[in-house]
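Student: The structure follows.
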Amino acid sequence: MIPAGSQGQYFGRQDESNDEFFYSQPRRVVHIDDNAIETVSAVFRDFIPSDSVVLDFMSSWRSHWPYGHLKRRLVGLGMNAEEMLDNPDLDEYVIQNVNDDPVLPFDDEYFDAVVITVSVQYLTQPVAVFKEINRILKTGGIFIVSFSNRMFPTKAVNIWRSLDGAGHLDLVSSYMEYAEGFGDVKGGLANAKDSPPHDPLYVVMGNKMDVSAE
Ligand SMILES: C[S@@+](CC[C@H](N)C(=O)[O-])C[C@H]1O[C@@H](n2cnc3c(N)ncnc32)[C@H](O)[C@@H]1O
């Protein structure tokens, strides 16, 4: 739970300089080990129907799209054009600092699926962003948030740095709850058999509910 009036404290960061500075240099790297990457790909294969229009939110050099899994379109949104130009999975990309402007440049009900991979810890206005993600998802569309225990600590929000994996699962689930409009929210450690020694890969997912049915 996030106490009222404490957003600044919880969603402050050690490095409050503009994110454009931190992400201006391209990083052609992956941020989790091979087992965790395979787990991300398997989750996408299992939960994103083929022929989907997908948004890779907070995208970079790789999207970990499952090999051979058909997609209609994969759009990246991130901070660094060079990284996303070099991403073989993306069909197009958009540059936007969502901490400055959480309003997303997409129509209502445009995407079948939205994913955030190992990046949710950098959102300073997560509930506003999750509300926008709900708006741009089709009814029934899936939102998949995955994360590990690795991060750029100076850019992660304070509340993230104060929690462990179980706490992160609760926190991301609560973002979906506060954003409203997500149902069937579930989460857990997706590679429990392999971690340790491999990087843990936690997943929280939910579907956009049909509010007209209420
Ligand atoms: C650790 S990388 C993860 C990249 C990619 N999702 C992956 O799985 O490898 C974090 C990404 O979050 C994005 N990001 C960080 N802060 C952002 C912001 N304020 N607005 C938009 N994207 C941001 C950056 O572009 C960066 O590539």
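The values are calculated or read from the model by the stated rules, or taken from the named source; none is laboratory data. Please read all numbers here as calculations on a predicted model, not as lab measurements. Counting neighbours? That spans all protein chains shown, and the Cβs are built from the backbone with ideal geometry, glycine included. Keep in mind that these areas ignore ligands, DNA and RNA; they rest on the heavy atoms of the full protein, side chains included. Shrake-Rupley method; radii C 1.70, N 1.55, O 1.52, S 1.80 Å.
Student: At 0.36 nm per residue, minus the direct Cα-Cα distance, what do Ser174 and Arg45 gain on full extension? Give it in nm, one decimal, please.
Tutor: That pair, Ser174 and Arg45, stretches by 43.9 nm at full extension.
Student: At a Förster radius of 22 Å, what calculated FRET efficiency corresponds to the Cβ-Cβ distance of Ala81 and Val30, to the nearest 0.05?
Tutor: Working from the Cβ atoms, E equals 0.70.
Student: Quote the convex hull volume per residue of the chain, based on C-alpha atoms, as a whole number of Å³.
Tutor: 121
Student: Any idea how far apart Ala192 and Val211 come out in nm if each label point goes 7 Å out from Cα toward Cβ?
Tutor: 3.4
Student: Using the Karplus curve 6.51 cos²θ - 1.76 cosθ + 1.60 with θ = phi - 60°, work out ³J(HN,Hα) for each residue of segment 191-207 in order, rounded to whole Hz, and write x for Gly and Pro.
Tutor: Rounded to whole hertz, the list is 10, 4, 6, 10, 10, x, x, 7, 4, x, 10, 8, 9, 10, 9, x, 10.
Student: Out of the DSSP beta bridges found with both residues in the chain, what percent are antiparallel (nearest 5)?
Tutor: 40
Student: Quickly estimate the mean residue ellipticity at 222 nm for the chain, helices only: each DSSP H run with n ≥ 4 gives -39500 (n - 2.57), and the total goes over all residues, rounded to 500.
Tutor: Per the formula, -7000 deg cm²/dmol.
Student: Calculate, for segment 7-213, the solvent-accessible area per residue in square angstrom, rolling a 1.4 angstrom probe over the heavy atoms of the protein chains.
Tutor: 46
Student: Spelling out what I want: for every residue of segment 89-102, take phi, set θ = phi - 60°, compute 6.51 cos²θ - 1.76 cosθ + 1.60 (Karplus), and round to whole Hz; glycine and proline get x.
Tutor: Here the 3J(HN,Hα) series is 8, 7, 8, 7, 9, 10, 9, 7, 8, 7, 7, 7, 9, x Hz.
Student: If amide H atoms are built 1.01 Å from N in the plane of the peptide, which residues on other chains or at least 5 residues away come under 5 Å of the amide H of Gly76?
Tutor: Asp56, Asp91, Glu92, Tyr93, Val94
Student: Sticking with this structure for a sec: For the chain, what number of Lys pairs, 8 or more residues apart or on separate chains, have alpha-carbon atoms under 18 Å from each other?
Tutor: 5
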